[in-house]
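Asker: Have a look at this one.
The values are calculated or read from the model by the stated rules, or taken from the named source; none is laboratory data. Because the structure is predicted, anything quoted here is derived from the model rather than measured. Because the Cβ atoms are built from the backbone with ideal geometry, glycine has one as well, and the counts that use them run over all protein chains shown.
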Amino acid sequence: MNIGDRIRNLREKCSLTQEEVGKKIGVTKATVNRYETGEIDIKRTIAIKLADVLNTTPQYIMGWDDDIESPAPSNTYPLDDIKFVNVPVIGSVAAGTGCLADNEIIGYEPTDYDDVKDGQEYRYLTVKGDSMYPKFEEGDLVLVRCQSSVDSGSYAVVLIDDEEGVIKKIVYGPNFIELHSINPMYPVRRFENENVLRIRVFGLVRSIKRKL
């Protein structure tokens, strides 16, 4: 049985349509159909998502294991000698919340274990707007390590008063903090003296995933 047959049989066993599977793993119905017909290869991250939706293992999806049963739930998936973990994706960062405010979780993103193995809390945040273009594009997923302070010159997710969290380059100086955009259409925001207390760091941006 090839990979496409395995996916189709599992999908039908779960009483799911190609469109429903596509929505759950973030691709179109046509793409799921191409997986099932073997027109395109399955990426590792897609195999993990499919396994989660179809109640099996990535190894079974890829044809490396004939055991169809999914193991006990785990946040770690070994795949071709690489371990992946599911990192929560949050829709936004609001004032007064921290990394453990999981009520904002909207999904999970498979991530190389080596990128998050330092024992810290991590979240993905979806980029909104164009103030950090071209380094950060709207729709990108940024991996954020939750921490309350960062070095000057770092890209960080910060909150200003009660505003939603934003990604900025943060620069410290004597009695001031500056938040820099990359897009020259957006001016530098400078906070001096007691106004620096209006700034709260949510976390350090570690990497970017661009959705194609």
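Asker: Return the residues of the stretch 27-52 that are in contact (Cβ under 8 Å) with a residue 40 or more places away in the chain and under 16 Å from the mean Cα position of the chain (by Cα); say none if nothing qualifies.
Answerer: Of everything in the stretch 27-52, those that are in contact (Cβ under 8 Å) with a residue 40 or more places away in the chain and under 16 Å from the mean Cα position of the chain (by Cα) turn out to be Arg44, Thr45, Ile48, Lys49.
Per-residue answers, yes or no, for (1) outside any strand (DSSP E or B); (2) modelled with pLDDT under 95:
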{"residue": "Tyr155", "(1), (2)": "no, no"}
{"residue": "Leu159", "(1), (2)": "no, yes"}
{"residue": "Ile170", "(1), (2)": "no, no"}
{"residue": "Ile177", "(1), (2)": "no, no"}
{"residue": "Pro184", "(1), (2)": "yes, yes"}
{"residue": "Phe191", "(1), (2)": "no, no"}
{"residue": "Asn195", "(1), (2)": "yes, no"}
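Asker: Those residues that are more than 22 Å from Val89 (Cβ to Cβ) and in a helix (DSSP H, G or I), I need them from the stretch 1-28; list them, please.
Answerer: Selection gives Ile3, Gly4, Asp5, Arg6, Ile7, Arg8, Asn9, Leu10, Arg11, Glu12, Lys13, Gln18.
Asker: On to the next question. Could you tell me which residue of the stretch 1-33 is nearest to Trp64 (Cα to Cα), considering only residues that are out of contact with any helix residue (DSSP H, G or I) (no Cβ under 7 Å at 6 or more places or on another chain) and surrounded by 17 or more Cβ atoms within 10 Å (Cβ to Cβ)?
Answerer: This residue is Leu10.
Asker: Looking at Lys43, Lys29, Lys24, can you tell me which residue is modelled with pLDDT under 85 and not assigned by TED's automatic domain parsing to the domain that holds Cys146?
Answerer: Selected residue: Lys43, the only one of Lys43, Lys29, Lys24 that is modelled with pLDDT under 85 and not assigned by TED's automatic domain parsing to the domain that holds Cys146.
Asker: Quick one: in the stretch 127-148, which of the residues that are over 23 Å from Asp115 (Cα atoms) and among the hydroxyl-bearing types (Ser, Thr, Tyr) is surrounded by the fewest Cβ atoms within 10 Å (Cβ to Cβ)?
Answerer: Tyr133
Asker: If you check Ala94 against the conditions, is it of a type in the set (Gly, Ala, Ser), under 29 Å from Thr126 (Cα atoms), surrounded by fewer than 17 Cβ atoms within 10 Å (Cβ to Cβ) and modelled with pLDDT of 85 or more?
Answerer: When the stated conditions are applied, Ala94 does not pass them.
Asker: Enumerate the pairs (first residue in the stretch 176-192 and closer than 14 Å to Val166 by Cβ and without any contact (Cβ under 8 Å) to a residue 60 or more places away in the chain; second residue anywhere and part of a loop (DSSP other than H, G, I, E, B) and small (Gly, Ala, Ser)) with beta-carbon separation below 7 Å, excluding pairs fewer than 6 apart on the same chain, so at least 6 apart or on different chains.
Answerer: Once the first residue is closer than 14 Å to Val166 by Cβ and without any contact (Cβ under 8 Å) to a residue 60 or more places away in the chain and sits in the stretch 176-192, its partners that are part of a loop (DSSP other than H, G, I, E, B) and small (Gly, Ala, Ser) give Ser181/Ser131; Asn183/Ser131; Tyr186/Ser131.
Asker: What pairs can you find where one residue is in the stretch 195-209 and free of Cβ contacts under 8 Å to residues at least 24 places away in the same chain and in the same structural domain as Gln147 (by TED's automatic domain parsing), the other is surrounded by 18 or more Cβ atoms within 10 Å (Cβ to Cβ) and among the aliphatic types (A, V, I, L, M), and their Cβ atoms are less than 8 Å apart, with a gap of 6+ or different chains?
Answerer: These pairs meet every condition: Val196/Ile177.
Asker: Glu164 passes all but one of (1) under 27 Å from Asp114 (Cα atoms); (2) in a loop (DSSP other than H, G, I, E, B); which number fails?
Answerer: If we test Glu164 against (1) under 27 Å from Asp114 (Cα atoms); (2) in a loop (DSSP other than H, G, I, E, B), just (1) comes out false.
Asker: Residue by residue through the stretch 47-76, note down the ones that are outside any loop (DSSP other than H, G, I, E, B) and at pLDDT 55 or above.
Answerer: Scanning the stretch 47-76 gives Ala47, Ile48, Lys49, Leu50, Ala51, Asp52, Val53, Pro58, Gln59, Tyr60, Ile61, Met62.
Asker: Kindly indicate whether any position in the stretch 160-171 is within 27 Å of the chain's Cα centre (by Cα) and either outside the structural domain of Pro110 (by TED's automatic domain parsing) or surrounded by fewer than 11 Cβ atoms within 10 Å (Cβ to Cβ) (or both).
Answerer: Scanning the stretch 160-171, I find at least one residue that is within 27 Å of the chain's Cα centre (by Cα) and either outside the structural domain of Pro110 (by TED's automatic domain parsing) or surrounded by fewer than 11 Cβ atoms within 10 Å (Cβ to Cβ) (or both), so the answer is yes.
Asker: Is it the case that the stretch 126-143 has a residue that's over 30 Å from Pro187 (Cβ atoms) and either in a loop (DSSP other than H, G, I, E, B) or modelled with pLDDT under 65 (or both)?
Answerer: no
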